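Novice: Let me begin by handing over the structure; questions about it come next.
Read-outs throughout are calculated quantities, based only on the coordinates presented, and are distinct from any laboratory measurement. Predicted model, so just to flag it, every value in this text is computed and none were measured. A quick note on method: Cβ atoms are made from the backbone with ideal geometry, for glycine too, and the neighbour counts reach across all protein chains shown.
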Amino acid sequence: MVTPSAVTSAPVETPPRRTGAADSDLPRIVPRRHPGRWAAAAAALVVFAMVLNSAVRNQAFQWGVVRQYFTTTAVLDGLLLTLWLTAAVMVLGFLLGTLLAVMRLSGNPVLRTLSWGFVWIFRSTPLLVQLLFWFNIGALYPTLGLGIPFGPEFVTVKTVNLLGPALTAVVGLTLHESAYAAEVVRGGILSVDPGQTEAAQALGLGKPRTLRRIVIPQAMRSIVPTAGNMLIGTLKGTSIVSVLAVHDLLYSTQLIYNQTYQVIPLLMVATLWYVAVTSVLSVGQYYVERYYARGDSRALPPTPPQRLLRRLSAARAPRKWAAAAADGRPGETGSKAV
């Protein structure tokens, strides 16, 4: 008599695996080929090589002249003024833009209307027109006064020579930048879950503290990418102040090639400096975005240097295993043959 325990404890025989002709009948797995992708890559490399060859071998660029004027005092002074103008406009523009965004989200209809009107006017007017308007403000308002509307004025200031070229550039660029910054900040604030504000109110936090400690840090994940693009755009947009004879990077190179008539190489000097500074700002933007993405994911993605180190380590690992196998030693994984 066979007991249930004997049945359960009996070994189960597995059928032998058929080999030979059956294995040869199985389809062979091959990776999918992408001929179109490789053809597009080859065509792109050919076009890139043609452009690089034309830039290197074209004598009109005069790379020797570019090297000669690249670090001259006039160019470096213009570069410093461009960097200072960019930093001042971005700081002042985002401070004013944040105030306008808070006004736009306020429950007060007067503040909402004033903020919307400011953004509407300065986004609708070309930047060059705004700069020329502020530069000629004395023709429209000979004097500016502070006092009671339709009443006496306590302080009056003559606007003749009040706004010089540099100050005009700061004022015009800041007002123009703040209109766009207001929409960027407003969009970032609206991207935060309303439950965060409700939780802060349940804890007894006031609106200013909730905005400063809860909403803005979370909104930065949406604000930083657009703000980085605005920073790069402002850096390049400062070249428009050359029409006001502000000695920025472009105007400094223009003064040089007006004397030497070497237009193309001097323009290349300005272009290379813009490319260099923009590249540095792009790297900074990447790390700022990574900093504010800490609360969005459990693990941050590796940085480009970290990815490069991982690839180098992965490339060296097979060599170590091959050397260990040649010496008769176990591999780097520590596994031993049984």
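Novice: For every other residue with a beta carbon closer than 13 angstrom to the beta carbon of Met103, add +1 if it is Lys or Arg and -1 if Asp or Glu, then tell me the sum.
Specialist: Around Met103, the charge tally is +2.
Novice: In cubic angstrom, how much convex hull volume per residue do the alpha carbon atoms of the range 102-176 span?
Specialist: On the way: hull volume 9.3 nm³, N = 75.
Convex hull of Cα atoms, per residue: 124 Å³.
Novice: In whole Å, what is the distance between the alpha-carbon centres of the range 36-56 and the range 128-157?
Specialist: 57
Novice: Take each of the peptides 170-180, 250-260, 188-198, 304-314, average the number of other beta-carbon atoms within 10 Å over its residues, and list them starting from the highest. Before the final figure, lay out the partial values.
Specialist: Details: 170-180: 22.1, 250-260: 17.5, 188-198: 14.4, 304-314: 10.1.
The most tightly packed comes first, giving 170-180, 250-260, 188-198, 304-314.
Novice: Could you tell me which of Ala219, Tyr251, Tyr286 has its Cα farthest along the dipole of the range 204-293 towards the positive end, charges placed at Cβ (Lys, Arg +1; Asp, Glu -1), taken about the Cα centre?
Specialist: Looking along the dipole axis, the top candidate is Ala219.
Novice: Please list, in order along the range 132-144, the HN-Hα scalar couplings obtained from phi with the Karplus expression 6.51 cos²θ - 1.76 cosθ + 1.60 (θ = phi - 60°), rounded to whole Hz, x for Gly and Pro.
Specialist: Listing the rounded values in order: 5, 5, 5, 5, 10, 5, x, 6, 8, 10, x, 9, 10 Hz.
Novice: Taking a temperature of 37 °C and a viscosity of 0.692 mPa s, what whole-number D in µm²/s does Stokes-Einstein yield for the range 142-212 with Rh from Kirkwood over alpha carbon pairs?
Specialist: Values: Rh = 16.5 Å.
Answer, rounded: 199 µm²/s.
Novice: With θ set to phi - 60° and the Karplus curve 6.51 cos²θ - 1.76 cosθ + 1.60, what are the ³J(HN,Hα) couplings of the range 99-110 in order, to the nearest whole Hz, using x for Gly and Pro?
Specialist: Once θ is set to phi - 60°, the couplings for the range 99-110 become 4, 5, 5, 5, 5, 5, 8, 6, x, 7, x, 5 Hz.
Novice: Determine the principal axes of the Cα atoms in the range 77-134, then give the extent along each, sorted from largest to smallest and rounded to whole angstroms.
Specialist: Sorted from largest, the Cα extents of the range 77-134 read 47, 22, 13 Å.
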